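The values are calculated or read from the model by the stated rules, or taken from the named source; none is laboratory data. Everything numeric here is computed off the predicted structure, so don't read it as measured data. When we count neighbours, we look across all protein chains shown, and the Cβ atoms used for this are built from the backbone with ideal geometry, even at glycine. These accessible areas exclude ligands, DNA and RNA; they are computed on the full protein's heavy atoms, side chains included. Shrake-Rupley method; radii C 1.70, N 1.55, O 1.52, S 1.80 Å.
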Amino acid sequence: MTSIYELEKLVGSYLSSDEVEKITRAYEFSAKAHEGQHRKSGEPYIHHPLEVARLLADMHMDYQTLAAAILHDVIEDTPTLKNEIQKKFGKGVAELVDGVSKLTQINFSTFAEAQAHNFRKMLMAMSNDIRVILVKLADRLHNMRTLGALSAEKRRRIARETLEIYAPIAQRLGINSIRLELEELGFAILYPMRHRILTEQVIKARGHRKEVITKIRNS
């Protein structure tokens, strides 16, 4: 579980001290706004946006993106307004947070599977800043990693939505690491038996390759 201190250390390796301080202020603001809120798992809600920011920091995203990641749920889940964020963190961060909030408000379940391709195009078109999509992808990835506390029905719905919409967007943007993990997690939820069998076969195949390489080295 990422702490603000770990995030500060990570972003400090490529951002200026002034930018790191702005990210810290975003964390303090978000933590206060989400105070008393918890996820289904029981953990404090602030842990989620911190993890989303960590995913984006690993990609060396700019400070506005990271601040927006930490703040991405405050408009949706707290009384905080966009203009308040703009006053404290600037127009750029406020626009990103607002963009992510608008994507979150869309009810994906109203779209038939056959419409998924067109809906993906709509998502891309409605975002004026690609960083909105990046925050949303990181948000979805962390949510996929932490679905255990949800009902089986909700896990399957989110997994299908992830495979039909988010993984293809990640592929279109060339973010292969996120695409692969989204596909892996989604497949494991929708097709647990197939996933278990495939995983066993992959492990077995890797083991066989290691044996071959060892024999070649020793020959």
message = Show me the helices (runs of 4 or more DSSP H) entirely contained within segment 30-98 in which 2 or more residues are farther than 24 Å from residue 12 by Cα.
response = 74-77, 82-89
Those residues of segment 15-33 which are of a type in the set (Ser, Thr, Tyr) and open to solvent by less than 60 Å² (accessible area, probe 1.4 Å), in sequence order = 16, 24, 27, 30
ask   = Can you name the residue in segment 1-49 that is in contact with a helix residue (DSSP H, G or I) (Cβ under 7 Å, 6 or more places away or on another chain) and of a type in the set (Gly, Ala, Ser) and, of all such residues, is nearest to residue 91 (Cα to Cα)?
value = 26
task = Could you tell me which residue of segment 135-169 is nearest to the chain's Cα centre (by Cα), considering only residues that are outside any helix (DSSP H, G or I) and in contact (Cβ under 8 Å) with a residue 12 or more places away in the chain?
result = 146
note = Only one of 52, 74 is over 18 Å from residue 141 (Cβ atoms), buried (at least 19 other Cβ atoms within 10 Å of the Cβ), touching a helix residue (DSSP H, G or I) at 6+ places or on another chain (Cβ under 9 Å) and at pLDDT 95 or above, namely 74
key: All positions within segment 168-188 that are in contact with a Leu (Cβ under 8 Å, 6 or more places away or on another chain), more than 15 Å from residue 142 (Cβ to Cβ) and buried (at least 16 other Cβ atoms within 10 Å of the Cβ)   = 169, 183, 187
